[in-house]
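A short worksheet on the structure shown next.
The values are calculated or read from the model by the stated rules, or taken from the named source; none is laboratory data. Just so you know, these numbers come straight off a predicted model, no measurement behind them. With ideal geometry, Cβ positions are generated from the backbone for all residues, glycine too; neighbour counts draw on all protein chains shown.
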4 protein chains.
Amino acid sequence: MSRPGLILKLSCHDQPGIIAKVANYAAVHSGNVVELNQFSDKLGSKFFARFEIETSNLDVENQDFIDGFGTLGRSLHATWHFRRKPYRMRTAVLVTKTDHCLNEILWRAGLDELPIEITSIIGNRDNCMAIAENHNLPFHLIEMDGDRKADGFAEIRSLIEKQNVELIVLARFMQIIPTDFCRDYAGRIINIHHSFLPAFIGANPYRQAYERGVKLIGATCHYVTADLDAGPIIEQEVERAHHHHTPSDLARLGRNCERIAIAKGIRYHVNDRTIIDGNRAIVFPD
Amino acid sequence: MSRPGLILKLSCHDQPGIIAKVANYAAVHSGNVVELNQFSDKLGSKFFARFEIETSNLDVENQDFIDGFGTLGRSLHATWHFRRKPYRMRTAVLVTKTDHCLNEILWRAGLDELPIEITSIIGNRDNCMAIAENHNLPFHLIEMDGDRKADGFAEIRSLIEKQNVELIVLARFMQIIPTDFCRDYAGRIINIHHSFLPAFIGANPYRQAYERGVKLIGATCHYVTADLDAGPIIEQEVERAHHHHTPSDLARLGRNCERIAIAKGIRYHVNDRTIIDGNRAIVFPD
Amino acid sequence: MSRPGLILKLSCHDQPGIIAKVANYAAVHSGNVVELNQFSDKLGSKFFARFEIETSNLDVENQDFIDGFGTLGRSLHATWHFRRKPYRMRTAVLVTKTDHCLNEILWRAGLDELPIEITSIIGNRDNCMAIAENHNLPFHLIEMDGDRKADGFAEIRSLIEKQNVELIVLARFMQIIPTDFCRDYAGRIINIHHSFLPAFIGANPYRQAYERGVKLIGATCHYVTADLDAGPIIEQEVERAHHHHTPSDLARLGRNCERIAIAKGIRYHVNDRTIIDGNRAIVFPD
Amino acid sequence: MSRPGLILKLSCHDQPGIIAKVANYAAVHSGNVVELNQFSDKLGSKFFARFEIETSNLDVENQDFIDGFGTLGRSLHATWHFRRKPYRMRTAVLVTKTDHCLNEILWRAGLDELPIEITSIIGNRDNCMAIAENHNLPFHLIEMDGDRKADGFAEIRSLIEKQNVELIVLARFMQIIPTDFCRDYAGRIINIHHSFLPAFIGANPYRQAYERGVKLIGATCHYVTADLDAGPIIEQEVERAHHHHTPSDLARLGRNCERIAIAKGIRYHVNDRTIIDGNRAIVFPD
């Protein structure tokens, strides 16, 4: 985990020889590919890959290696991205009242399961303030009720810019994100929806699940797009439900799903194990 | 499983003393309650129960015991139903092309996992004819394409009546069931839908699942009502899906879910472990 | 959850009429059985049941109802136990270094998922002291290394007695419990073992699992008996493992299992949903 | 699935540049790597990979490509294996009485989920003879009771050699395989064990599971080695068990696990998705 290295994510039109060319580039400079995940999407004629390259023996500086890759990348007409390891992604966590997803994130970050640095916790309610304090993290209370909403999002945006936030996690943040915000931070906002999407889109999914009488309930971690609850899905979890479970029982069971799904979703994202492809997410799990 | 006995299903408005009264009735006549499942639905103020009563020491004839229960049942303003064990439910299986659900049913019936007697296999295609022959079961090919549909359903109805069919299983039967048919056989038609309902209602759910990029796919066994894919759910199963799975991979993975879900659904139904409550199914699993 | 009531657990030799008699006793005194779980163990000729009785309309005092039941209980040669609801079980949590199970318990207790009152956190290391302080809970550091072990357990015993502890939870407490301690607190000590028992009994189960190359790893919540890791199992959870998972990856994945399993195990125990039957646990889940 | 191509499995000491060299070799000859799975085992300093290479544009004959690889393979001190696609592996299925695993294999082979050609079904009981006949497959009844065992295995060996069998599937074949047989067909015998190994090694695992009171039961598909039930694990499945399940209920539930596990195990093996590494199996699932 902690050995210095580079992660390269790359996507392009499918064509023969991509792996050879990229792996060759690494090998020529004494980079060692220690993990390689690729996906040749035959239906879409696209190619996606993630290379994890150990760089302890690299014959050039990391930055030089990264810059030099550009020639190959452009010749493949690829989109690519390098990340240096170890890395802690600057992450803001947005919350409202419930704290189970926040607690999960803090606990896993503390155990180094999630390589993130939490820049701040932002709430439109103060319920999670004490948790932030216990963890010595700044808490920003931003009112968003009624006509305060636009100002509130402007304030969030200002915090995010000031704190160089790279990832925005909606940890049961009960506000609809404005379209321009979704667009400006596309691919950088992760949400947990408390249902097995695309079932039970919208409000109160546990109540909906109860009324439909489903035998499994779930949670979905996804990237946020302007289209509510329709963004690329990163991870889903389910749990058995029975007829005797009330909506609040389902909410209790669902919390387990939400915690697992959001933790995995963040882990995949910050380790560059996801590539967004239109409305789908390519995910290379670990 | 095989000891002679009675199964009593009962539902009524919730009120104190129901269990005492019913259990007492059994005890007074030397019936032994060997399994009891109940559900006091506090949200709906309803009571549901299933009693399995061993009758080897009963002090009256079974029929007398059943008849005599009427007085108590009426005093509770209950709906109830007795079933004598052992029992094999007369079952028609409707199919189109694919045979995996049919095979599963035949295999489990052969192992005595499903106490059913298959009266006939009815297909609007002949693909499953050989399977029926191998099992020495009558196969009825009924054309239903285009304007033959109404006649086809009339023919099915006639077969069902003639053969005293009690349960109609739609084992990947690719025809929409007419409203009057649903109504006339309400609570006696079980379908397998190849998605995790209510997600992906309607046609080609695996294609829909692929396009949505879900990370779990599923199958749903439910009672058929006139409202397409919206009947009471008996059982659901899911399996992990990945970005590299094509729609046909999802169909392959989904077959596992379909087979398990339909087998459990039938098993619960024929063992009287289900009670339909509006759009939900109370299910007491074994 | 919160309505006042009584929980009755009862076990006896199987015999006709038990449910009738018990339900009758409740009904006669205007107690309403709102949940009933029973198990007629045909292999062992034993009967086990849990009655949840709403007592708001009881025609006598609760204590009178409980005392009066003795006549019936003795006539059935039963073992039984009443619990008044709402109830918070006095619970001591024993820890060593790792905190994930402790955190899970604290978090769920805070959400009222576990009706317990934590009397103290007892550690043979000080790693969890800060967590205890954050939750305003007393932390007792008890040294147990080398020849301090016997004294340490004497001290734990003294704390438990002084604080009227009813349940002792070993939340990754890395000490073998002395035989007399197991015996004296039989049925009141719950442990989480970090493997899918009976596989990988003893030390370092994740290392064992890695070496065996299993494709699923798990955790087991069980009652503690003098026979190491062989007590009655309450709950087990598993998670997929792959060849690329190192022992520390397995430990990371296993933590999810451990947290879910210990939380469910405690929940079942404190809600009187478990009955110990020799080396097995009857569990009526909710 | 059906596009012509080559599968290359390779393992060697871990060293920089392996992927580059192999991918390069393919690219130079206009082979297109459409799927690549690799595993750099940092704990064991070993490298394992599976390349799926589309060969429609190959600039040489397949055999030439395969032969030419030898130079590279030897320079890496690797062990490697090529397979031409499409391929049907010649498979003998060994059975005793129960038929559920056999049925599963036949059904999936019929659906083309398992690219195998079943050479024969071999039984030491005649229970599965009718199934073989229904599928127009040769059935060999070989007596193995008492002192017929050695002769029986000699006969199996003779059949296997005569029929050019590549894979031997023990589909609930209730005979202990002799050491020399295990050794001579190492890596080519797949067994399904009806427990979650390493729990419940040996006879009657469902009875053992019942007596231990486990809350999950399982099945394990593994390669057979001389050490009973200790060979490399390919796949494991589990299902929930409850206190009311008798050993025969557990057997019923376990059949689901067995069928899924053996089907996946065979699928992975015949698609060259497994590499045996000592007592562990590297498995690249699809």
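Scanning the range A:159-179 finds no residues that are outside any loop (DSSP other than H, G, I, E, B), in contact with a Gly (Cβ under 6 Å, 6 or more places away or on another chain) and surrounded by 22 or more Cβ atoms within 10 Å (Cβ to Cβ).
The residues on offer are B:Asp67, B:Asp41, and the sole one that is of a type in the set (D, E, K, R) and without any contact (Cβ under 8 Å) to a residue 40 or more places away in the chain is B:Asp67. Taken over the range D:98-111, the criterion of being within 16 Å of the chain's Cα centre (by Cα) and either surrounded by fewer than 20 Cβ atoms within 10 Å (Cβ to Cβ) or free of Cβ contacts under 8 Å to residues at least 60 places away in the same chain (or both) is satisfied by D:Leu106, D:Ala109. Strands (runs of 3 or more DSSP E) fully within the range B:1-97 that include at least 3 residues being of a type in the set (A, V, I, L, M), more than 14 Å from chain C (Cβ to nearest Cβ) and surrounded by 22 or more Cβ atoms within 10 Å (Cβ to Cβ): B:89-95. Restricting D:Asn32, D:Asn57, D:Asn37, D:Asn62 to residues that are closer than 21 Å to A:Ile53 by Cα and of a type outside the set (D, E, K, R) narrows the list to D:Asn37.
Considering the conditions (1) within 10 Å of chain B (Cβ to nearest Cβ); (2) over 30 Å from B:Lys42 (Cα atoms); (3) touching a residue at least 40 places away in the same chain (Cβ under 8 Å), A:Val270 is excluded by exactly one of them, (1). Being in contact with an Asp or Glu (Cβ under 9 Å, 6 or more places away or on another chain) and either of a type outside the set (Gly, Ala, Ser) or over 20 Å from B:Lys215 (Cα atoms) (or both) is a property that holds for A:Pro232. Take the residues in the range A:183-213 that are at pLDDT 95 or above and of a type in the set (Val, Ile, Thr); name whichever of them is nearest to A:Arg240 (Cα to Cα). Ranking the qualifying residues of the range A:183-213, first place goes to A:Ile192. Here D:Thr79, D:Thr96 are screened, and the one residue that is in the same structural domain as D:His13 (by TED's automatic domain parsing), β-branched (Val, Ile, Thr) and at pLDDT 95 or above is D:Thr79. With respect to the conditions (1) on the phi > 0 side of the Ramachandran plot; (2) more than 15 Å from the chain's Cα centre (by Cα); (3) surrounded by fewer than 24 Cβ atoms within 10 Å (Cβ to Cβ), B:Gly187 falls short on a single one, namely (2). Residues in the range B:127-142 that are surrounded by 13 or more Cβ atoms within 10 Å (Cβ to Cβ) and assigned to a loop (DSSP other than H, G, I, E, B): B:Asn127, B:Cys128, B:His135, B:Leu137, B:Pro138, B:Ile142.
Restricting the range A:144-174 to residues that are touching a Ser or Thr at 6+ places or on another chain (Cβ under 7 Å) and more than 19 Å from A:Glu117 (Cβ to Cβ), the residue that is modelled with the lowest pLDDT is A:Met174. Within the range C:112-123, if we keep just the residues that are touching a Lys or Arg at 6+ places or on another chain (Cβ under 9 Å) and over 26 Å from C:Leu253 (Cβ atoms), the residue that is surrounded by the fewest Cβ atoms within 10 Å (Cβ to Cβ) turns out to be C:Glu117.
Here's the yes/no breakdown for (1) closer than 26 Å to A:Asp277 by Cβ; (2) in the same structural domain as A:Ile156 (by TED's automatic domain parsing); (3) touching a Lys or Arg at 6+ places or on another chain (Cβ under 7 Å); (4) not polar (S, T, N, Q):
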| residue | (1), (2), (3), (4) |
| --- | --- |
| A:Ala49 | yes, no, no, yes |
| A:Leu72 | yes, no, yes, yes |
| A:Ser75 | yes, no, no, no |
| A:Ala109 | no, yes, no, yes |
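Considering (1) over 19 Å from A:Asp99 (Cβ atoms); (2) not in a helix (DSSP H, G or I), the lone condition that C:Leu114 does not fulfil carries the number (1). Applying the criterion of being touching a helix residue (DSSP H, G or I) at 6+ places or on another chain (Cβ under 9 Å) and closer than 11 Å to C:Leu228 by Cα to the residues of the range C:177-196, the residue that is farthest from the other protein chains (Cβ to nearest Cβ) is C:Pro178. For the range C:246-254, state whether one or more residues are within 23 Å of A:Leu114 (Cα to Cα), among the acidic types (Asp, Glu) and assigned by TED's automatic domain parsing to the domain that holds C:Ile105. Yes, the range C:246-254 has at least one match. Per the listing D:Gly231, D:Gly213, the residue uniquely under 20 Å from C:Val238 (Cβ atoms) and either at the interface with chain C (Cβ under 9 Å from one of its Cβ atoms) or in contact with a His (Cβ under 7 Å, 6 or more places away or on another chain) (or both) is D:Gly213.
For B:Asp249, the conditions (1) on the phi > 0 side of the Ramachandran plot; (2) surrounded by fewer than 19 Cβ atoms within 10 Å (Cβ to Cβ) are fulfilled apart from (1). Just one of (1) over 10 Å from the mean Cα position of the chain (by Cα); (2) of a type in the set (Asp, Glu); (3) farther than 22 Å from D:Asp99 by Cβ fails for D:Asp272. It is (1).
Quick check: is even one residue across the range D:124-136 over 19 Å from D:His269 (Cα atoms), in contact with a strand residue (DSSP E or B) (Cβ under 7 Å, 6 or more places away or on another chain) and touching a residue at least 24 places away in the same chain (Cβ under 8 Å)? Among the residues of the range D:124-136, at least one is over 19 Å from D:His269 (Cα atoms), in contact with a strand residue (DSSP E or B) (Cβ under 7 Å, 6 or more places away or on another chain) and touching a residue at least 24 places away in the same chain (Cβ under 8 Å), which makes the answer yes. Screening the candidates B:Val283, B:Val238, B:Val224 for the property of being more than 10 Å from every other protein chain (Cβ to nearest Cβ), crowded, with 18+ Cβ neighbours inside 10 Å and touching a residue at least 40 places away in the same chain (Cβ under 8 Å) yields one hit, B:Val224.
Yes or no: the range B:89-99 includes at least one residue that is over 19 Å from B:Gly265 (Cβ atoms) and touching a helix residue (DSSP H, G or I) at 6+ places or on another chain (Cβ under 6 Å). Taking every residue of the range B:89-99 in turn, none turns out to be over 19 Å from B:Gly265 (Cβ atoms) and touching a helix residue (DSSP H, G or I) at 6+ places or on another chain (Cβ under 6 Å). Inside the range A:229-245, residues that are modelled with pLDDT under 95 and either more than 16 Å from the chain's Cα centre (by Cα) or not assigned by TED's automatic domain parsing to the domain that holds A:Ile201 (or both) make up a count of 0.
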